[in-house]
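The structure appears right after this line, and notes come after that.
The values are calculated or read from the model by the stated rules, or taken from the named source; none is laboratory data. Predicted model, so just to flag it, every value in this text is computed and none were measured. Because the Cβ atoms are built from the backbone with ideal geometry, glycine has one as well, and the counts that use them run over all protein chains shown.
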Amino acid sequence: IEAFVSFEEELYTREYEFLLDKARKRLEVVEGLIRAVDVIDLIIEILRGSNSVAQAKACLIEGDTTDIRFKSEKSEIEARDLSFTEVQANAILAMPLQRLIGLEILKLKNENDELLEKIKEYRLVLGDKKELLKVMKSRLREFKKQYGTPRRTELRDDEARAYVEKVVIEDIYVLFDRFGYTKCIDAAAYSRQTPEQLSEYVRTLHLQNTDKICIFTDQGNMYQVKMDKIPRCKPRDKGTLIHNLCKMENDENGILYIGFEELYESMLMFVTAGGYIKLVSGAEFETGRLKIAATKLDPDDRIVGIEPLTASEVLAGTKKVILLTDKGLSLGFPVGEVNEFKKTSRGVKAISLAIDDKLVYGTAVDPMADKFMYQGKELNARRVRNRRRGAKGQNADLTYDGSDEGSGQQMLSF
């Protein structure tokens, strides 16, 4: 309250200082006009006998009659006694003739009296703190009368209640085409699609509307997109580019698209072009940020494969890791030989590579699987020889023809 009163005192002091200064300036003009009306004949004679406005102005302010033509010597003597201020002289020279009407003269005298009363009041307020406080109280009463409306809300001591938004959970399908456009349709619309129509999409995720899509890229980043950000579309609609939804860089390519609920219960196997491999718990990717670093990569290294595994598959350790190199070499070993690391770790060596060679693909398949997919082609999983992790790759003809027998001497180029 003391701070408010101090502020109000300063505010009203400045206001009354401004009003006092304004009233003084106006009083000077009004007094000059009243004096001018009393000698209006002399002023008209000065104006008619002057050669310029500056000459007439000098006569009104300083009584200088040089080169001014007067009708009589008496008028010249009276003109020498004039002593208007510069402000008054400007007002007199700008005064319209209608000011000479008797009613206008009376208005000037009334205004003069009002200005004197106001100046007396302003000086009293500025010179006496009690008067200043009276003005403050009066203004506050006026504000209360003008704005003091009764409270329209009711204040009660109710118990706080947590607001729980009711969310209707439903199954939806997220479709991705080969150009990177994505859209979301409900289960009913999805069920009406023919196999030919669904074949246009390279990736389909079955999620709930409360889930999030996690996108792992070849540059080691993970992007998250909430389901409400993906547009609900009709099956024929084009959708939205996934890069626009998650702010993915144009030079990044998505390796794995997975729902967060599934990710949280999984282990991810990361394989890099530099020949490193590791397992990371999906729980490590729980975050509120839209983008995080999913793994550590060496300079010029990139991810070539990410495979989600269940906890039982990791514990059993029987799944077969398959690695393919740029020179057409392949290597297989049990997933049990892959260690679990934090997402900030690089991992361990998966394969011994030549200086000019690099991994181009990595996956994990069932140990009894006959084939696996790479770049849209079916390759023979049985011909990938099982060795130990970190060994060199071997040449093998991985062409799948429905038989697990092959020459073992031909090299398949990727």
(request) Output yes when any residue across region 33-48 is of a type outside the set (D, E, K, R) and under 30 Å from Val125 (Cα atoms), and no when none is. (result) yes
(message) If a residue counts only when it is closer than 20 Å to Tyr201 by Cα, which strands (runs of 3 or more DSSP E) contained entirely in region 218-286 have at least 3 such residues?
(response) 254-259
(request) Would you be able to say whether some residue in region 64-72 is in a helix (DSSP H, G or I) and either in contact with a Leu (Cβ under 9 Å, 6 or more places away or on another chain) or more than 26 Å from Ile105 (Cβ to Cβ) (or both)? (result) no
(message) Considering only region 308-320, I want to know if a residue exists there that is part of a strand (DSSP E or B), closer than 17 Å to Tyr223 by Cα and modelled with pLDDT of 90 or more.
(response) yes
(request) Check region 7-17 and report whether any residue there is more than 56 Å from the chain's Cα centre (by Cα) and among the charged types (D, E, K, R). (result) no
(request) Please give the number of the condition Arg123 fails out of (1) buried (at least 18 other Cβ atoms within 10 Å of the Cβ); (2) closer than 30 Å to Glu15 by Cβ. (result) (1)
(request) Take region 48-58 and flag every residue that is assigned to a helix (DSSP H, G or I) and buried (at least 16 other Cβ atoms within 10 Å of the Cβ). (result) Gly49, Gln55, Ala56, Lys57, Ala58
(request) Can you confirm whether region 145-159 contains a residue that is among the β-branched types (Val, Ile, Thr) and in contact with a helix residue (DSSP H, G or I) (Cβ under 6 Å, 6 or more places away or on another chain)? (result) no
(message) Give me the residue from region 74-94 that is closer than 11 Å to Val30 by Cα and not polar (S, T, N, Q) and, out of that set, farthest from the chain's Cα centre (by Cα).
(response) Ile92
(message) Among the residues of region 16-39, are any in contact with a Gly (Cβ under 8 Å, 6 or more places away or on another chain) and surrounded by fewer than 18 Cβ atoms within 10 Å (Cβ to Cβ)?
(response) no
(request) Taking only region 353-369 into account, find how many residues are exposed (fewer than 15 other Cβ atoms within 10 Å of the Cβ) and in contact with a Leu (Cβ under 9 Å, 6 or more places away or on another chain). (result) 1
(request) Evaluate the following for Met136: is it surrounded by 11 or more Cβ atoms within 10 Å (Cβ to Cβ), more than 24 Å from Lys25 (Cβ to Cβ) and in contact (Cβ under 8 Å) with a residue 60 or more places away in the chain? (result) yes
(request) Output the residue which, of all residues in region 158-193 that are surrounded by 12 or more Cβ atoms within 10 Å (Cβ to Cβ) and polar (S, T, N, Q), is modelled with the lowest pLDDT. (result) Gln193
(message) Give me the helices (runs of 4 or more DSSP H) completely within region 110-212, filtered to those with at least 1 residues that are over 40 Å from the mean Cα position of the chain (by Cα), ordered by residue number.
(response) 129-147, 195-198
(message) If I go through region 318-347 residue by residue, how many of them are of a type outside the set (Ser, Thr, Tyr) and surrounded by fewer than 16 Cβ atoms within 10 Å (Cβ to Cβ)?
(response) 5
(request) Have a look at Glu249, Glu262 and point out the one that is within 24 Å of Pro308 (Cβ to Cβ) and at pLDDT below 90. (result) Glu249
